[in-house]
Amino acid sequence: MRTLVVVDAANVVGSVPDGWWKDRRGAAERLRDALVAYAEEGIADHPGPLDVVLVVEGAARGVESVPGVRVESAPGSGDDHIVEVAAGAAGRPCVVITADRELRRRVGEVGAACAGPRTVRAP
């Protein structure tokens, strides 16, 4: 059974002060492209292949999916959408990538594990 990995794009992109705020959409696209390798190879404690969902919001809405990474534009709150995706994991392992404490609590309530942004992004 493939693990579902849900990535909080805003939180992961915002974890490194590399000028992402100048081009939020471009930053989300770069993250999406970097996630392809994780979809194939896996992350700590979850060998690949993985089903990866990148949740974007705000100015990053509309970023397209690529093979290996499905991108979902949150219609409202990105956190609310991430909880919905995690809740729909249908009994398979689910890991949410975020450092947001409140989001970690919420997805934990629906049975998802959590990992920090460094799991998919070099410090």
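Each value in this text was obtained by applying a stated rule to the coordinates, not by laboratory testing. What you see is a predicted model, and the numbers here were worked out from it, not measured in a lab. Note: ideal-geometry Cβ built from the backbone for every residue, glycine included; neighbour counts use all protein chains shown.
Given R₀ = 22 Å, what would the calculated FRET efficiency be for residue 64 paired with residue 16, taking r from the Cβ atoms and rounding to 0.05?
Efficiency for this residue pair is about 0.45.
Of 94, 114, how do they rank once you tally other Cβ atoms within 10 Å and put the fewest first?
114, 94
Taking a ≥ b ≥ c as the square roots of the Cα gyration tensor eigenvalues, with a/c under 1.5 meaning rounded and otherwise prolate when a/b beats b/c, else oblate, which class fits the stretch 26-123?
Rounded, because the longest to shortest axis ratio a/c is under 1.5.
Modelled label-to-label distance, residue 2 and residue 101, 7 Å Cα→beta-carbon offset: nm?
Modelled inter-label distance: 3.5 nm.
Assign one of three labels to the stretch 1-75, namely rounded, prolate or oblate, based on the Cα gyration tensor with a ≥ b ≥ c the square roots of its eigenvalues; rounded applies when a/c is under 1.5, prolate when it is not and a/b is larger than b/c, and oblate otherwise.
It comes out prolate by the Cα gyration axes.
For the chain, modelled as a GNM with alpha-carbon contacts under 10 angstrom, which of 49, 17, 75 fluctuates the most?
Maximum among the listed residues: 17.
If the label point is 7 Å along Cα→Cβ of residue 51, which residues in the stretch 85-123 have backbone nitrogen under 20 Å from it?
Under cut-off, by backbone N: 85-98, 107-115.
Each residue of the stretch 59-65 in turn: what ³J(HN,Hα) in whole Hz from Karplus with 6.51, -1.76, 1.60 and θ = phi - 60°, glycine and Pro shown as x?
Each residue of the stretch 59-65 in turn: 5, 8, 4, x, 4, 7, 6 Hz.
Which residue fluctuates most in the GNM of the chain (Cα springs below 10 Å): 39, 90, 27?
Taking springs between Cα atoms under 10 Å, the residue moving most is 90.
Test of understanding: what is the full-extension gain from residue 92 to residue 40, defined as 0.36 nm times their sequence separation minus their Cα-Cα distance?
16.9 nm
Have a look at 78, 91, 48 and tell me which one the Gaussian network model of the chain (Cα, springs below 10 Å) gives the largest fluctuation.
Maximum fluctuation in the GNM of the chain, among the listed residues, is at 91.
With only Lys, Arg, Asp and Glu charged, each at its Cβ (+1 for the first two, -1 for the last two), find how big the charge dipole of the stretch 4-119 is about the Cα centre; round to the nearest 20 debye.
160
Sorted from fewest to most neighbouring beta carbons within 10 Å, what does the list 120, 7, 12 look like?
Ranking 120, 7, 12 by Cβ neighbours within 10 Å, fewest first, gives 120, 12, 7.
Decide, for the stretch 46-86, between rounded, prolate and oblate: order the square roots of the alpha carbon gyration tensor eigenvalues as a ≥ b ≥ c, take rounded if a/c falls under 1.5, and otherwise choose prolate if a/b is larger than b/c, else oblate.
Oblate, since a/c reaches 1.5 and b/c is not below a/b.
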